[in-house]
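Here is the structure we will look at, set down as structure tokens.
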Amino acid sequence: MGRQITISCFRFNPNIPGDKPRMQDYKLEEYEGMTLFIALNDIREKLDPTLVFDFVCRAAICGSCAMLINGRPRLACKTMTRNLPSHFTVMPLPVFKLIGDLSVDTGKWFRDLQMRTEAWIHTTKKFDFNALEVRMDNKIAEEIYEPERCVECGCCVACCITANIRDDFMGATGINRVCRFIIDPRDERADAEYFEVVGDEGGTFGCVGLMACDDMCPMELPLQENLAFVRRKMAGAGLKLTFPGIKL
């Protein structure tokens, strides 16, 4: 017989008139290999079918099941219940619009971020459908792949103090995305063009350096390292725009 656990879940559906935010306890018997993802599905299938939360892959590659687990943003599918106390809380991520209970709308937030950062290759070269694919140096390909591992779960945004107080801050995930395109030799944007996107307090200069994004990233991306790289680039671009002809 496994350990008895109690999960206190945030409950609130903003689409139901008169509904009020509250915490609701669910008691379960823990078993070997149980993740919070499994536990929440057990609750919905056996105890309460009205509980709302998001999931897709259950393999930590979609980012859908991100939530606050005992106050820390994590993926439910990567969180083993055995590593949590017998009584713990589960709440929705802050910053993002609440859909209901544990579900938030990260999709619109990341869509807006994609448009804001213009997250696609900018090139003047005409694409030739019949040409062979241009080979890329393996080292550069690996450098591009590292920031590409982001699953857009929103954990870094939820734990970011700046994102929690500034609606215009793109967070570590946005700066990480810009970093990916700066590295990519196929993108022809100059640093001055990137400066227009991230060279302010809504971008790279809004970070206060608490490094919570690094600590909470479920993919263990070097978010602060990427931020430092972009910040150095933008500082140089800002100086050149302010003092034309300056040599750095």
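No value in this document is a laboratory result; all are computed from the given coordinates. Just so we're clear, the structure is a prediction, and the values are computed from it rather than from any experiment. So basically every Cβ, Gly included, is an ideal-geometry build from the backbone, and we count neighbours across all protein chains shown.
Rounded to whole Å, give me the distance from the Cα center of the stretch 178-220 to that of the stretch 1-68. A separation of 33 Å, based on Cα centres.
When the Gaussian network model of the chain links Cα atoms closer than 10 Å, the mean-square fluctuations of MET136, MET216, MET80 top out at MET136.
Mean-square fluctuations from a GNM of the chain, with a 10 angstrom spring cutoff on Cα atoms, peak among ALA172, ALA141, ALA66 at ALA141. Of all complete DSSP H helices in the chain, those with a Cα span along the helix axis of 24 Å or greater and a mean Kyte-Doolittle hydropathy of 0.0 or more are 223-242. Length gained on full extension, ARG44 to GLU193, computed as 0.36 nm times the residue gap minus the Cα-Cα distance: 48.8 nm.
Mind running the shape call on the stretch 117-248? Use the C-alpha gyration tensor, a ≥ b ≥ c as the square roots of the eigenvalues: rounded below 1.5 for a/c, prolate if a/b tops b/c, oblate otherwise. Can you show the working numbers first?
On the way: a/c = 2.05, a/b = 1.24, b/c = 1.66.
Note, shape of the stretch 117-248 comes out oblate.
Take the Cα of MET23, step 7 Å toward its Cβ, do the same at MET80, and the gap between the two points is 2.6 nm. Modelled spin labels at ARG111 and ILE16, positioned 7 Å past Cα toward Cβ, are 2.6 nm from each other.
Taking the stretch 63-88 and a reference point 7 angstrom along Cα→Cβ of ARG3, the backbone N atoms nearer than 13 Å belong to 80-88. For the pair PHE243 and ALA60, a Förster radius of 51 Å applied to the C-beta separation gives a FRET efficiency near 0.65, rounded to the nearest 0.05. In this calculation the C-beta distance from ASP200 to ILE121 is compared with R0 = 22 Å, giving a FRET efficiency of 0.40.
Rounded, prolate or oblate: pick one for the stretch 1-63, where a ≥ b ≥ c are the square roots of the eigenvalues of its C-alpha gyration tensor, a/c under 1.5 means rounded, and failing that, prolate if a/b is larger than b/c, else oblate.
Details: a/c = 2.59, a/b = 1.36, b/c = 1.91.
It comes out oblate by the Cα gyration axes.
Of THR117, THR6, THR81, how do they rank once you tally other Cβ atoms within 10 Å and put the fewest first?
Values: THR117 20, THR6 13, THR81 24.
Fewest-to-most Cβ neighbours within 10 Å comes out as THR6, THR117, THR81.
Counted by Cβ distance under 14 Å from ILE246, the other residues give a net charge of +1, where Lys and Arg count +1 and Asp and Glu count -1.
Let a ≥ b ≥ c be the square roots of the eigenvalues of the Cα gyration tensor of the stretch 34-78; is it rounded (a/c under 1.5), or, if not, prolate (a/b larger than b/c) or oblate?
It is prolate, given that a/c is not under 1.5 and a/b is the larger ratio.
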